[in-house]
Amino acid sequence: MKQLLLLRHAKSSWDEADQTDHARPLNARGRRNAVQIGQAMRALGLAPDYVLVSTARRTQETLAALEPLPDAPVILPEDGLYLADAEQLLDAIRAVPETVRSVMVIAHNPGLHDLALSLTGPAAMARGNAHAMRLAEKYPTGALAEFAIAGSWAGLGPGVARLVRFIVPRDLPETAG
């Protein structure tokens, strides 16, 4: 069984009007939330082997706040993940070597949300899966979706993943400091 983790970057700052979107950093809440998600990942034993991350500053800073990640995963910054749509994200995942057990993608909405909904498929919502129903409502900044994949990365597509959990920072305990 393979594992796919989809993480939306944490909350970013809009303080500098002349700054490009690509260069926006995390704000204080975003930094706290990213640390919380990292702590939750460690507590749950979520340890990706491979990380695909957008080159945007806010995604890079989100990744940095998660560290240290267990087992020193391969980290691949990808320009093509910046504001990628669901199909572009899916193409990047399909290109992952089949020997990789767990992949984490750190990217942006709306593409990440659209991909998560596609992978979950309508059947999960029809069955009343609480995580799927919550995912359908919104994919907030700093949220993490964990999927179980029975097949190959190359065969990944709509409705073929099982949503294991959907973690939103506001549901996690506040971190000290």
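The values are calculated or read from the model by the stated rules, or taken from the named source; none is laboratory data. The structure displayed is predicted, hence computed values, not measured ones. Quick reminder, even Gly has a Cβ in these numbers, built from the backbone with ideal geometry, and neighbours come from all protein chains shown.
Structural remarks
- Search result, residues across region 7-30 that are touching a residue at least 60 places away in the same chain (Cβ under 8 Å) and small (Gly, Ala, Ser): Ala10, Ser12, Gly30
- Within the span defined as region 142-164, one or more residues are at pLDDT below 90 and surrounded by fewer than 17 Cβ atoms within 10 Å (Cβ to Cβ).
- Condition check for Pro70 on (1) at pLDDT 95 or above; (2) in contact with a helix residue (DSSP H, G or I) (Cβ under 8 Å, 6 or more places away or on another chain); (3) within 21 Å of Ile149 (Cβ to Cβ): one failure, at (1).
- Filter result for Pro70 (surrounded by fewer than 21 Cβ atoms within 10 Å (Cβ to Cβ), free of Cβ contacts under 8 Å to residues at least 60 places away in the same chain and assigned to a strand (DSSP E or B)): no
- Residue within region 120-139 that is assigned to a loop (DSSP other than H, G, I, E, B), loosely packed, with under 14 Cβ neighbours inside 10 Å, touching a residue at least 24 places away in the same chain (Cβ under 8 Å) and hydrophobic (A, V, I, L, M, F, W, C) present: no
- Flag if Arg32 is surrounded by 15 or more Cβ atoms within 10 Å (Cβ to Cβ), over 26 Å from Gly151 (Cα atoms) and either among the charged types (D, E, K, R) or at pLDDT 95 or above (or both): yes
- Of all residue pairs spaced 6 or more apart or on separate chains, those with beta-carbon atoms under 8 Å, a first member in region 92-110 that is over 14 Å from Phe147 (Cβ atoms) and a second member that is among the polar types (S, T, N, Q) and loosely packed, with under 13 Cβ neighbours inside 10 Å are Glu98/Ser152.
- The one condition in (1) in a loop (DSSP other than H, G, I, E, B); (2) over 13 Å from the mean Cα position of the chain (by Cα) that Ala10 fails to fulfil: (2)
- Where Glu87 falls short, out of the listed (1) of a type in the set (Asp, Glu); (2) over 26 Å from Leu172 (Cα atoms); (3) at pLDDT below 95: (3)
- The condition of being buried (at least 19 other Cβ atoms within 10 Å of the Cβ), of a type in the set (Lys, Arg) and either in contact (Cβ under 8 Å) with a residue 24 or more places away in the chain or assigned to a helix (DSSP H, G or I) (or both) holds for only one of Arg42, Arg58, that being Arg58.
- Enumeration of residues in region 140-164 that are in contact with a Leu (Cβ under 8 Å, 6 or more places away or on another chain), assigned to a strand (DSSP E or B) and without any contact (Cβ under 8 Å) to a residue 60 or more places away in the chain: Leu163
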